[in-house]
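*Asks:* Right, I'll just put the structure down here and ask away after.
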Amino acid sequence: MQLNMIIEALIVIGAALSLTFIITRWISRLLYKSAERWELDLTLIQVLNDIIKYTLYILAAAIILKWFGIDLTGLILSIGIVGVAVGFAARDTLANFISGLFILADKSFKVGDVIEVSNQKGTVTKMGFRTTRICTPDNKIITIPNSSFSKNPYVNYTASHKRRIDFKVNIPLEVDIKEFEEKIKETIKKIDGILPEPEPSLIILEIADTGIIAKVTAWTDKTDKVVYYKSMIGENIKQFIKR
């Protein structure tokens, strides 16, 4: 008799969890297809997906408990008694949850943005209520607690529609600065992705024994490719200095 009850219990638990898993996967797929079709904000879709997923699993747990004859009212009262201890233990989770709500409400960043927090820089690939996941330029996946964004300053490199590229260079003293500047400007403007306005510029920072220390600046609207354009500018400058 006890064996039959155990088997029956396992079947109920397995059926409830399997059905919940299938429903959450189906809803998740539907949400992402809708986002792709209607060009919806991916950040909102991910958060909505998390809300639905956790809600369904909580409902499944409630159904399983009810089947076992556990009084949910009594359970809630018991939880209330130890609420202080549980709240203290879960304070970090709660802080992450609240921070996630503020990030979503403030629209501080979204999926696809390039951000930096606590010396960690990367592209946001997933946003949830507890954590945010970023992918670094060397393809490392870093999971950051949302509370970090309320405790530490962070940078959104793609919040603006354009970014300035700065490249520091040491120009030999014998080089004609005016001619060098004109050639550099002309060459940089030809790079696909560099904006003509504001136009590239050369700023003299210091004249030292080793040469003229200057900064070349340019602007791009490809905010996620600043490193690439900085490298391109550096290659062009190198060629001119060699001549």
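*Asks:* How would you rank 112-119, 221-228, highest first, on the average number of other Cβ atoms within 10 Å across their residues? Can you show the working numbers first?
*Replies:* Numbers: 112-119: 16.1, 221-228: 14.2.
By packing density, highest mean first, the sequence is 112-119, 221-228.
*Asks:* Can you pull the one-decimal nm distance between simple spin-label points at Gln239 and Lys225, each 7 Å off the Cα toward Cβ?
*Replies:* Output for this residue pair reads 1.7 nm.
*Asks:* What is the distance in Å between the Cα centroid of the range 200-238 and that of the range 110-159?
*Replies:* That distance is 27 Å.
Since every read-out is calculated from the coordinates, none of them should be taken as a lab result. Computed from a predicted structure; not experimentally measured. Please note: Cβ atoms are built from the backbone with ideal geometry, for glycine as well, and neighbour counts cover all protein chains shown.
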